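*Asks:* Below is one structure. I have some questions about it.
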Amino acid sequence: MLREVRADGAPAPVGPYSQAVVCGDLVFCSGQLGLDPATGAMAEGAVAQARQALANLQAILQAAGSSLNRAIKVTVYMTDLAHFPEVNKAYADFFEPPFPARTAIQVAALPKGGEVEIDVIALR
């Protein structure tokens, strides 16, 4: 059985998708941008967007009964991999060993003009 997850501490979906879906012991989080859930404003710059996206994901995972420390796979999408070193440092502030598996990908564009989007698969 699938269960939809809704977290007040993360931006509402802007389309026909769930913030996350729980399937068994796994939580599949949709990609999160650096949007402030209270104002809907995009954070300034790639590092701030990464931090806000991870904070949004933490809120979603908490609503699902999990946390970033239970993440098993993370994908980071960036519009410019030149920001990778700084984004990587910000990312490290949100995780502890054992670190999840991760992929970082440069993309042509992200919704709402974002520079960073992050999605997570975690254990519940």
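*Asks:* Find the centroid of the Cα atoms in the range 18-36 and in the range 51-124, then give the distance between the two in whole Å.
*Replies:* 11
*Asks:* Evaluate the relative contact order of the chain (contact order divided by residue number), counting alpha-carbon pairs under 8 angstrom at least 6 apart; express in whole percent.
*Replies:* RCO, the chain: 32 percent.
*Asks:* Right, here's the next one. Where does each of 53-61, 22-30 land if you order them by average Cβ count within 10 Å, highest first?
*Replies:* 53-61, 22-30
*Asks:* As an exercise, take the mean of 1/r over every pair of distinct alpha carbons in the range 53-121, invert it, and state the Kirkwood radius in angstroms.
*Replies:* Roughly 12.5 Å, rounded to one decimal.
*Asks:* A further question follows. At most 16 other Cβ atoms within 10 Å and a DSSP loop assignment: could you name the GluC sites (Glu not before Pro) in the range 30-124 that fit?
*Replies:* Passing sites in the range 30-124 are Glu44.
*Asks:* Ignoring everything except DSSP H segments at least 4 long, calculate the 222 nm mean residue ellipticity for the chain; use -39,500 (n - 2.57) per segment, divide by total residues, nearest 500.
*Replies:* -7000 deg cm²/dmol
*Asks:* Shifting gears a bit: May I ask you to sort Asp8, Asp80 by Cβ crowding, counting other Cβ atoms within 10 Å and putting the fewest first?
*Replies:* Ordered by Cβ neighbours within 10 Å, fewest first: Asp8, Asp80.
*Asks:* While we're here: If the chain between Glu4 and Ala108 were fully stretched, how many nm would it gain, using 0.36 nm times the residue separation less the Cα-Cα distance?
*Replies:* That pair, Glu4 and Ala108, stretches by 34.5 nm at full extension.
*Asks:* Rounding to the nearest 20 debye, state how big the charge dipole of the range 30-95 is about its Cα centre with +1 on each Lys and Arg Cβ and -1 on each Asp and Glu Cβ.
*Replies:* I would put it at about 280 debye.
*Asks:* Still on this model: When you count, for each residue, the other Cβ atoms within 10 Å and take the mean per peptide, how do 68-75, 107-114 rank with the highest first?
*Replies:* Values: 68-75: 17.8, 107-114: 12.5.
Order by mean packing, descending: 68-75, 107-114.
*Asks:* Within the range 80-120, name every residue whose backbone N is under 15 Å away from a label modeled 7 Å from Cα of Cys23 along the Cβ vector.
*Replies:* 120
*Asks:* Hey, in the GNM for the chain with a 10 angstrom Cα cutoff, which one of Ala38, Ala63, Ala104 fluctuates hardest?
*Replies:* Ala38
*Asks:* Moving on. Could you put Met78, Met1, Met42 in order, starting from the residue whose Cβ has the fewest other Cβ atoms within 10 Å?
*Replies:* Lowest count first: Met1, Met42, Met78.
Computed from the coordinates by the stated procedures, all read-outs in this text should not be read as laboratory data. As the structure is a computational prediction, the values presented were derived from the model and not from experiment. Using ideal geometry, Cβ is built from the backbone for each residue, glycine included, and neighbour counts are taken over all protein chains shown.
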